[in-house]
Amino acid sequence: MTERNRRPYNDVLETIGWTPLIRLNRVTAGIRTPVYGKAEFFNPGGSVKDRIGIAIIEDAERRGELKPGGVIVEGTSGNTGVALALAAALKGYRCIFTMPDKMSQEKVRLLKAFGAEVIITPTAVPPDHPDNYVMKAKAIVRDTPHAVLANQFYNQVNPEAHYNTTGPELWTQTEGKITHLVGGAGTGGTVSGAGRFLKEQNPNVRVIVGEPQGSVYAEYARTKTLAEGHPYKVEGIGGDKIPSALHYEYIDEFRTISDKDAFQMARRITREEGLFVGGSTGLIVAAALQVAREIDDPKACVVAILCDTGERYLSKLFNDEWMRENQMIEAERVTASGLLACKTDTAPELVTVAPSQTVRQALNLMETYDISQLPIVEGGQCVGSLNEGTLMAQAIAHPAVLDQPVREIMEAPYPVVDGELALERFSELLSRETPAVLVRHNGELAGIVTRYDVLHYMAGIR
Ligand SMILES: Cc1ncc(COP(=O)(O)O)c(C=O)c1O
């Protein structure tokens, strides 16, 4: 364990910056180029935005715009809000944040935890619509006395903060060996500020921006025209309007990555590198690995910005249900054997009765194991079935049937499926007439799957 934080800090703001540079080892398997992550989630507010929060507040104070009792207002995807709220908490300012409704609940609760007021706005409105979160923030400033807009998308203090901190840290931590900086661009402050500093040290440093599919920044770099963006799920980067904090002159290349690849990479970084990160980081690292694979040079040094903590996305990219609902992971391929393994009922794997046993014995078995379907098995083959509903009706109508062999009243045998058959395939066999299927393992009848079991599984009841 290396020594850090040797001396005490006067307040939490002094702990912002000098975040660790950590080698990525497993997601880079097969890539000879070294790839590092700049772990911005080590900042006290959990993201890269901590660097600009305090910088914007102190700048507004220096310019006499923000005075004691003042109000800080901003449109934010959450992280800048946390950064501002964290600094405002120490300085005694009130905070009001507007936030698009696509952002996670975790982020809303977090801002409120810091005492901020949060106003949720619709995501899918044009950038100049009054309900757009940035437009809404500007309106709130107009209507609130002593209010100051942090204005992160157009405030040049933003890239300046990264020119003064992120860039120099990367140069020092890589001992000037950095060859490629890969980041995301929300406001563009991080890549523009750090990129400018690094290019001043070594003009050959390449600055690459990972861009969500649906954002308009990359297209604008190519055509200088504002394309029609479309919604995407990754939070914090990309946009549908070009911010002035994004300085294209320091950016060499854009790499467009899908939400699915971004989220799957974020899950891999967390599970394989132990770095708990958010979706924008997944996107950035996916772009960084593409670059690293292409340059294939052990002497190069690729650095990816790890923008924020995964804790903000537990209800989303780290939630399998949400990922499946949004087609970000394949529906888990569940087989008949897989479903057998999920069954929680206490009954033995497979309860059967022989054709010669009586209906009464069969009913006792159903009662004992609380089951409604009973396969009739002879010589390892299912030769018939008993289903609670029809059986009850027959026994009540003709009580004498209770002492007859079940072969007298049995219904059609249940279909037998191989254990490897996928749920989608064998659930087609299930119906009111065929309420169960038997599962074969290595040629043996190994278990029974009923409609009830499938419903339970689909409903997520385990
Ligand atoms: C999660 C996340 N990643 C990346 C960024 C991009 O940072 P910047 O605004 O400096 O471009 C942001 C910005 O809000 C963010 O919230």
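The values are calculated or read from the model by the stated rules, or taken from the named source; none is laboratory data. Keep in mind it's a predicted model, so treat the numbers as computed, not measured. Here the Cβ is made from the backbone with ideal geometry for all residues, glycine too, and neighbour counts use every protein chain on show. Ligands, DNA and RNA are excluded from the accessible area calculation, which covers all protein heavy atoms including side chains. Shrake-Rupley method; radii C 1.70, N 1.55, O 1.52, S 1.80 Å.
Once a ≥ b ≥ c are taken as the square roots of the eigenvalues of the Cα gyration tensor of the stretch 114-231, is the result rounded (a/c under 1.5), prolate (a/b larger than b/c) or oblate (a/b not larger than b/c)?
The shape class here is oblate.
Which percent, to the nearest 5, of DSSP beta bridges fully inside the stretch 1-143 are antiparallel?
So the antiparallel bridges amount to about 25 percent of the total.
For the stretch 336-458, what class follows from the C-alpha gyration tensor (a ≥ b ≥ c being the square roots of its eigenvalues): rounded when a/c is under 1.5, otherwise prolate if a/b is larger than b/c, else oblate?
prolate
Does anyone have the angle between helix 359-369 and the longest principal axis of the chain? Alpha-carbon axes, 0 to 90°, nearest 10?
In the chain, helix 359-369 runs at an angle near 20 degrees to the longest axis.
Which whole-number value in Å² is the accessible area per residue of the chain, probe 1.4 Å?
47 Å²
Once the Cβ-Cβ distance between Lys241 and Ala29 is put in as r, and R0 is 51 Å, what FRET efficiency do you end up with, to the nearest 0.05?
The calculated FRET efficiency here is 0.85.
Expressed as a whole percentage, what fraction of the accessible surface of the stretch 336-458 belongs to carbon and sulfur atoms when a 1.4 Å probe is rolled over the protein heavy atoms?
Roughly 52 percent of what the probe reaches on the stretch 336-458 is carbon or sulfur.
Rank these by accessible area, largest first, 1.4 Å probe: Met265, Met410.
Met410, Met265
Expressed as a rounded percentage, what relative contact order does the stretch 50-149 have, with Cα pairs under 8 Å and six or more residues apart?
Averaging sequence separation for qualifying contacts and normalising by length gives 31 percent for the stretch 50-149.
Quick check: with the 1.4 Å probe, what order do Thr144, Thr123 take by accessible area, largest first?
Thr123, Thr144
Given the rule -39500 (n - 2.57) for each run of at least 4 DSSP H residues, summed and divided by the residues of the chain, what is its mean residue ellipticity at 222 nm, to the nearest 500 deg cm²/dmol?
-9500 deg cm²/dmol
Using all C-alpha to C-alpha distances in the chain, build P(r) with 20 Å bins and read off the rounded percent in each one.
In whole percents, the pair-distance histogram is 22, 39, 21, 16, 3.
Just the number, please: carbon plus sulfur as a percent of the accessible area of the stretch 241-319, 1.4 Å probe, no ligands or DNA/RNA counted.
Carbon and sulfur: 47 percent of the exposed surface of the stretch 241-319.
Is the shape of the stretch 379-447 best called rounded, prolate or oblate, per the rule: a/c under 1.5 gives rounded, else a/b larger than b/c gives prolate, else oblate, with a ≥ b ≥ c the square roots of the Cα gyration tensor eigenvalues?
It comes out oblate by the Cα gyration axes.
Please work out the FRET efficiency for the pair Lys91 and Gln156, using the Cβ-Cβ distance as r and a Förster radius of 22 Å; give the result to the nearest 0.05.
0.55
Collect residues whose amide H, placed 1.01 Å from N in the peptide plane, falls under 5 Å from the amide H of Val118; neighbours closer than 5 in sequence don't count.
Phe97
Given a 1.4 angstrom probe, I'd like the percentage of the accessible area of the stretch 50-149 that is carbon and sulfur, rounded to a whole number.
Accessible surface attributable to carbon and sulfur in the stretch 50-149 totals 55 percent.
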